[in-house]
Amino acid sequence: MTERDIATEVLDGLREIGEHHTGKVTLRTVRVEPRPLPKLTSDAIRDFRNRLDVSRAVFAHMIRVPVRTVERWEQGRSSPPDSAAALILMAQKYPDTFERLASL
């Protein structure tokens, strides 16, 4: 394994920045459209929690949200944000998700 020359890397980076600002180098831009998540209904959340055979408090602890939040989701008064929905969907597909999350 070769040793890195940090000073040279920094100077090269600064040179590239200067070239970009003068128009000598153009950076490619890639736009990525996020795929929409399947909607989680209140029934689906409640059914998943029941399949896990855990209380609302335990389920809330598992996904790291307040118990009242899970209650609102299950009653249909609010919907989980995409991050929580993705976690729940992932746990449905990959049962060890909560174990991995707990190990962090």
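If we scan the range 31-46, do we find a residue that is free of Cβ contacts under 8 Å to residues at least 60 places away in the same chain, closer than 24 Å to residue 103 by Cβ and surrounded by 12 or more Cβ atoms within 10 Å (Cβ to Cβ)?
Yes, there is a match, as at least one residue in the range 31-46 is free of Cβ contacts under 8 Å to residues at least 60 places away in the same chain, closer than 24 Å to residue 103 by Cβ and surrounded by 12 or more Cβ atoms within 10 Å (Cβ to Cβ).
Which residue pairs have Cβ atoms closer than 8 Å, lie 6 or more positions apart in sequence or on different chains, and pair a first residue in the range 79-104 that is more than 15 Å from residue 49 (Cβ to Cβ) with a second residue that is of a type in the set (A, V, I, L, M) and modelled with pLDDT under 90?
Matching pairs, first to second residue: 82/37; 86/37.
Just name the residue that is farthest from residue 83 (Cα to Cα) out of those in the range 17-43 that are acidic (Asp, Glu) and at pLDDT 85 or above.
43
Is there a residue being in a loop (DSSP other than H, G, I, E, B), out of contact with any His (no Cβ under 7 Å at 6 or more places or on another chain), touching a residue at least 12 places away in the same chain (Cβ under 8 Å) and surrounded by 10 or more Cβ atoms within 10 Å (Cβ to Cβ) anywhere in the range 3-25?
no
Go through the residues of the range 65-75 one by one and say whether even a single one is touching a Leu at 6+ places or on another chain (Cβ under 7 Å), in contact (Cβ under 8 Å) with a residue 12 or more places away in the chain and surrounded by 11 or more Cβ atoms within 10 Å (Cβ to Cβ).
Looking through the range 65-75, none of the residues is touching a Leu at 6+ places or on another chain (Cβ under 7 Å), in contact (Cβ under 8 Å) with a residue 12 or more places away in the chain and surrounded by 11 or more Cβ atoms within 10 Å (Cβ to Cβ).
Taking the range 55-64 on its own, how many of its residues are outside any helix (DSSP H, G or I) and at pLDDT 95 or above?
Number of matching residues: 1.
Hey, can you tell me all the residues within the range 79-103 that are among the aromatic types (Phe, Trp, Tyr) and loosely packed, with under 13 Cβ neighbours inside 10 Å?
Scanning the range 79-103 gives a single hit, 94.
The values are calculated or read from the model by the stated rules, or taken from the named source; none is laboratory data. A quick note: this is a predicted structure, and the numbers were derived from the prediction, not measured. When we count neighbours, we look across all protein chains shown, and the Cβ atoms used for this are built from the backbone with ideal geometry, even at glycine.
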